[in-house]
Every structure is written in structure tokens, then in C-alpha cells.
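These notes are about the structure you will find just below.
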Amino acid sequence: MKTGFLAAAAAIFVLGGCETFEPYLVERETLIDEDGIFVYSDLMEDGWDGTQHWQFSATNYNAYPVCVSVNFTPNSYADAYSMGGHYRVEPGGTMDIGYVFAPANFGVNSQAWGPDANGNC
């Protein structure tokens, strides 16, 4: 009987605290803030084990699509990352455009531009 009670109490504790295990924002840096286009670098920390990563995102407050990208500068280092793609962000849209997991030593270049005549980035 005691074992069942302890298991139930442990389950309630684990389920009740799940939101504390979600990654949370430590610091935000704005990489681009021009003409309704924003590119952010968010340093996130995992609530479970304390690992950190940078999440890059773009927001387009315009009535037309835009293209964005974020790339490493020369001599950057990271074990795990996803960067360098060209992303089309629709009007009023927000999307993730890359990430870098710590440990890392890096710099980034970010760009925003309009799509070509066919709507491609």
C-alpha cells in the first residue's frame, strides 16, 4: 500500500513540474531590426539539465514576403548546429531559421532581402 501511494505521489510531482523542464529564454539579441523585419538570437537553457543553445528566428511584420538567412562568420566553431539556409518568411510570419548548441565559439552574419521575380529566395 505504501509503495502505491509513493508511486502516485511521485507521478503527481513529475507531471506537475513538467513545465519547469521546458527550455527558457536567458537572453535575446536582435540581429536585424529594419523595415519591419526582425532576426533574433535567443540564448535558451534547458530546464532539465541546464544545457544551452542559441535559437535563431525571423519575424516579418510587412505585407509582403521577405527572405532571411543567418550564417557563421569565419573561424566559428560549434559541435551541433544548423545554419546557412535561405528562408522565405511570409507576411506576418515568424519562423526558426537556425540553431547552435553549446559549447560553441561563433559569430554570425544575418541578411534580409526581397524574393526574386519568381518569389524564390
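Please work out how much length the chain gains when fully extended from ALA104 to ARG88, using 0.36 nm per residue of separation minus the C-alpha to C-alpha distance, in nm with one decimal. Write out the running numbers ahead of the final one.
Details: separation 16, 0.36 × 16 = 5.76 nm, distance 2.69 nm.
Stretched out fully, the ALA104 to ARG88 stretch lengthens by 3.1 nm.
Give me the accessible area of SER82, 1.4 Å probe, in Å² rounded to the nearest 10.
SER82 exposes around 50 Å² with every protein chain in place.
Tell me, what does the Kirkwood hydrodynamic radius of region 38-93 come to in angstroms if you use every pair of distinct C-alpha atoms? Spell out each step's value before the answer.
Details: mean 1/r = 0.0762 Å⁻¹.
Hydrodynamic radius (Kirkwood, Cα only) of region 38-93 equals 13.1 Å.
Using only Cα atoms, what is the ratio of the radius of gyration of region 66-109 to 2.2 N^0.38 Å?
Details: Rg = 11.7 Å, N = 44, 2.2 N^0.38 = 9.3 Å.
That works out to 1.27 for region 66-109.
By average Cβ neighbour count within 10 Å, what is the ranking of 112-120, 43-51 from highest down? It would help to have the intermediate numbers written out before the result.
On the way: 112-120: 10.7, 43-51: 12.7.
So the order, starting with the most tightly packed, is 43-51, 112-120.
Find the accessible area per residue for region 49-101; the probe is 1.4 Å, ligands and nucleic acids are left out, and the unit is Å². Can you show the working numbers first?
On the way: 2730 Å² over 53 residues.
It amounts to 52 Å² per residue over region 49-101.
What percentage of the solvent-accessible surface of region 45-116, computed with a 1.4 Å probe over protein heavy atoms, is contributed by carbon and sulfur atoms? Display every interim value, and only then the final one.
Values: 1890 of 3910 Å².
It is 48 percent, rounded to a whole number.
The values are calculated or read from the model by the stated rules, or taken from the named source; none is laboratory data. Computed from a predicted model, the values in this text were never measured in an experiment. Glycine gets a Cβ as well: all are built from the backbone with ideal geometry, and neighbour counts include every protein chain shown. These accessible areas exclude ligands, DNA and RNA; they are computed on the full protein's heavy atoms, side chains included. Shrake-Rupley method; radii C 1.70, N 1.55, O 1.52, S 1.80 Å.
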